[in-house]
Amino acid sequence: MTDLSTSLKIEPTVFELSSPGRQGHSFPELDVPHAEIPKSLLRDDLPLPELAEVDVARHFTRLSQLNHGVDTGFYPLGSCTMKYNPKINEATSRLPGFANIHPLQPIETVQGAIGLMFELQEWLKEISGFAGITLQPAAGAHGELTGVLIMRAYHRARGDDRRVKMLIPDSAHGTNPASSAMSGLEIVEIPSDTRGNIDLAALRAECDETLAGIMITNPNTLGLFDENLRQVCDCVHEAGGLVYGDGANFNAIMGISRPADCGVDVLHFNLHKTFSTPHGGGGPGSGPVGVTDELAAFLPGPIAAIVEEGDDEEPPLYGLVTPEKSIGRIKAFHGHFGVMTRAYTYIMMLGGEGLRAASEHAVLNANYLQARLRDTYKIPYDRICMHEFVAEGHWEDAPDIHALDISKRLMDFGFHPPTNYFPLIVPEALMIEPTETESKETLDAFADALIQIAEEARTQPDLLQTAPHRTPVGRLDEVKAARELVLCCWLPEK
Amino acid sequence: MNFPKELKYTRNDEWIRMEGDEGVIGITDYAQDQLSDIVFVEFLVDVGESLEQGETFAAVESVKAAAEVYMPVNGKIIAVNEDLPDAPEKVNSDPYGEAWMARIKISDPSELDDLLDADGIAKLERDH
């Protein structure tokens, strides 16, 4: 176990770099009267670091170089769609007309921005088949909460107050039960069958008059397209429930299948996954929600709309409208606009054909990796996968090696590890999502590394258990990190 | 994997040890092994509450996953192990001893007949 305090010495903290009196600015002489601040408002001590601008720039540049990101290496983190984000997205989102505006500006002065939101809504409708879109939710789980609140509002508006039960398949995303619980619903887990689909018999048993709906992740967290999807939707609809689609895995189906056509009533997109906006650093994300015609009146407002049609001479006038039975605002202002400009750019650059090709390559890449690894790693649900697949990181003849050790060792090869220990229905899960933006050479290098690691697991297990060896920081003490939280700004006194 | 003979087990890997008409509850050696390092234990009930079989009374969290702990039988909570939240690692080191979670008063002892014995749970986990 590496001692964090020693290994981090490769880059001192800004406090350690501090030198009394050093500063990154020099103000001119004061040419206005000096304002006296009352003593009661002054503090005696404010131990901020004192550095020159060059110290700060170098410190943070060095820190950034210790990180792994999509721009530095392969990042097959299952379910996260860590595709390469084209740099043109950054250029367009920094255009002054998009970057230097304020949401409270008169709407006539921000027509381009509202128009962009409107077109993005229209494109997302076309891609998904839905009738209404809100761009407000801040990210995926926020989109889920929004969608579930819309489902509840729909049932209540019909006077149907008994519908309190939400079905969640065991192959769904982990946030689904949390979103339902936060909306005050009761959760019933539905098992998977032997092919990794939703178990229809178990589903039917729960479809009654208390059913609010089901939350389906399709393709599911096993990376499989649910072969029973149509029957699942029919069964839930016949019982009076609604179908929520978790669109986190949308990258597998763009331009190929539309959730609304499959029977889904509500779905959130993850612009930060599917539509190439940066999210490795924790955000910001964007989780627009699409709904059928029947639910459109419940969408949160405001929504971008054409309030006055244009003609050959004049462009239309864009404005913001709130749907009739809206569940209300769920985010300040209009959502994460900067993320929308990036997603808009991505869709415009690729076009319909390009989006379809992106999904096809994402699926092809995942199947290629699965085929290369199948003889070395157990694939518990082994059939043609979508954009990702789940392998087991454990062998009976190497009992002391776990998925975590394999992942840590992968870092020595310069790869970000796959998602570990999820979904829970696969023991020692390694969830691998290569995305479409990787070359065959990268995929081969990754497969070669995993095959070599499987060999090392038998011959030099220590090498895995003490990995990583070639990273700036070695194996971290995860128990200590979880148990001894230090969330203060100042380092404890030595 | 260690499943003491004198205990009864649920399919969700809780154990219960009978002491008169009271029962002591915890999670199995298999459960702690699957979860790996436990970093968090929280009791979701108060002493004196009556719970039904299958209701959640505690939550445990490891570096890998979070799990709920369910009542093996109907009963009233007489005590919870107050020391455990400050020393969750005991669930890993001594799941059947120091890491007991709750002491309950059992309402209907015949419910115990539906639980698994040591051989039953060992077979169940072997087949997993």
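The values are calculated or read from the model by the stated rules, or taken from the named source; none is laboratory data. All figures in this text were calculated on a predicted structure; none of them were measured in a lab. Here Cβ is always computed from backbone atoms with ideal geometry, including for glycine, and neighbour counts include all displayed protein chains.
Would you point out which residue out of B:Ile121, B:Ile78, B:Ile106 is among the aliphatic types (A, V, I, L, M), surrounded by fewer than 16 Cβ atoms within 10 Å (Cβ to Cβ) and out of contact with any Pro (no Cβ under 7 Å at 6 or more places or on another chain)? I'd like the intermediate steps shown before the answer.
On the way: B:Ile121 fails: surrounded by fewer than 16 Cβ atoms within 10 Å (Cβ to Cβ); B:Ile106 fails: surrounded by fewer than 16 Cβ atoms within 10 Å (Cβ to Cβ).
Exactly one of B:Ile121, B:Ile78, B:Ile106 is among the aliphatic types (A, V, I, L, M), surrounded by fewer than 16 Cβ atoms within 10 Å (Cβ to Cβ) and out of contact with any Pro (no Cβ under 7 Å at 6 or more places or on another chain), namely B:Ile78.
Among the residues of segment A:56-107, which ones are touching a residue at least 40 places away in the same chain (Cβ under 8 Å) and over 29 Å from A:Phe269 (Cα atoms)?
A:Val56, A:His59, A:Arg62, A:Leu63, A:Leu66
Given A:Glu392, A:Glu433, A:Glu388, which one is in contact (Cβ under 8 Å) with a residue 24 or more places away in the chain and in contact with a helix residue (DSSP H, G or I) (Cβ under 6 Å, 6 or more places away or on another chain)?
Exactly one residue qualifies, and that residue is A:Glu388.
Residue-wise test of (1) closer than 30 Å to A:Gln370 by Cβ; (2) at pLDDT 95 or above; (3) in contact with a Gly (Cβ under 6 Å, 6 or more places away or on another chain); (4) not assigned by TED's automatic domain parsing to the domain that holds A:Ala304.
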{"site": "A:Leu41", "(1), (2), (3), (4)": "no, no, no, yes"}
{"site": "A:Leu51", "(1), (2), (3), (4)": "no, yes, no, yes"}
{"site": "A:Met82", "(1), (2), (3), (4)": "yes, yes, no, yes"}
{"site": "A:Ile101", "(1), (2), (3), (4)": "no, yes, no, no"}
{"site": "A:Ile114", "(1), (2), (3), (4)": "no, yes, no, no"}
{"site": "A:Gly143", "(1), (2), (3), (4)": "yes, yes, yes, no"}
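Go through (1) modelled with pLDDT of 95 or more; (2) part of a loop (DSSP other than H, G, I, E, B); (3) of a type in the set (Gly, Ala, Ser) and name the single condition A:Ala366 misses.
Of the numbered conditions (1) modelled with pLDDT of 95 or more; (2) part of a loop (DSSP other than H, G, I, E, B); (3) of a type in the set (Gly, Ala, Ser), the odd one out for A:Ala366 is (2).
Can A:Gly287 be described as assigned to a loop (DSSP other than H, G, I, E, B), surrounded by fewer than 24 Cβ atoms within 10 Å (Cβ to Cβ), in contact (Cβ under 8 Å) with a residue 60 or more places away in the chain and of a type outside the set (A, V, I, L, M, F, W, C)? Lay out the reasoning, then the answer.
Working: assigned to a loop (DSSP other than H, G, I, E, B): yes; surrounded by fewer than 24 Cβ atoms within 10 Å (Cβ to Cβ): no; in contact (Cβ under 8 Å) with a residue 60 or more places away in the chain: yes; of a type outside the set (A, V, I, L, M, F, W, C): yes.
No.
Restricting the search to segment A:163-183, which residues are at pLDDT 95 or above and either over 24 Å from the mean Cα position of the chain (by Cα) or of a type in the set (Ser, Thr, Tyr) (or both)?
Result: A:Arg163, A:Val164, A:Lys165, A:Ser179, A:Ser180.
Out of everything in segment B:35-56 that is within 14 Å of another protein chain (Cβ to nearest Cβ) and outside any loop (DSSP other than H, G, I, E, B), what residue ends up being surrounded by the most Cβ atoms within 10 Å (Cβ to Cβ)?
Within segment B:35-56, the subset within 14 Å of another protein chain (Cβ to nearest Cβ) is B:35-42, B:44, B:54-56.
Retained after the next criterion (residues that are outside any loop (DSSP other than H, G, I, E, B)): B:35, B:38-42, B:56.
Numbers: B:Leu35: 22, B:Ile38: 28, B:Val39: 21, B:Phe40: 15, B:Val41: 24, B:Glu42: 12, B:Thr56: 12.
Here the residue is B:Ile38.
Quick one: which of A:Thr471, A:Thr437 is in contact with a His (Cβ under 9 Å, 6 or more places away or on another chain) and modelled with pLDDT of 95 or more?
Unique residue meeting the criteria: A:Thr437.
Exactly one of these conditions fails for B:Gly26: (1) touching a Phe, Trp or Tyr at 6+ places or on another chain (Cβ under 7 Å); (2) under 30 Å from A:Leu485 (Cα atoms); (3) part of a loop (DSSP other than H, G, I, E, B). Give me its number.
(3)
Whether any residue in segment A:364-379 is of a type in the set (Gly, Ala, Ser) and closer than 27 Å to A:Phe275 by Cβ is what I want to check.
Within segment A:364-379, one or more residues are of a type in the set (Gly, Ala, Ser) and closer than 27 Å to A:Phe275 by Cβ.
Could you check how many residues of segment B:66-75 are under 30 Å from A:Pro418 (Cβ atoms), surrounded by 15 or more Cβ atoms within 10 Å (Cβ to Cβ) and in contact with a Phe, Trp or Tyr (Cβ under 9 Å, 6 or more places away or on another chain)?
Qualifying residue count for the region: 1.
For segment B:82-94, what are the residues that are touching a residue at least 40 places away in the same chain (Cβ under 8 Å) and surrounded by 14 or more Cβ atoms within 10 Å (Cβ to Cβ)?
Within segment B:82-94, B:Leu84, B:Pro88, B:Glu89, B:Val91, B:Asn92 qualify.
Just wondering, is there one or more residues in segment A:56-76 that are closer than 26 Å to A:Met431 by Cα, among the hydroxyl-bearing types (Ser, Thr, Tyr), part of a loop (DSSP other than H, G, I, E, B) and outside the structural domain of A:Glu433 (by TED's automatic domain parsing)?
So far as segment A:56-76 goes, yes, one or more of its residues are closer than 26 Å to A:Met431 by Cα, among the hydroxyl-bearing types (Ser, Thr, Tyr), part of a loop (DSSP other than H, G, I, E, B) and outside the structural domain of A:Glu433 (by TED's automatic domain parsing).
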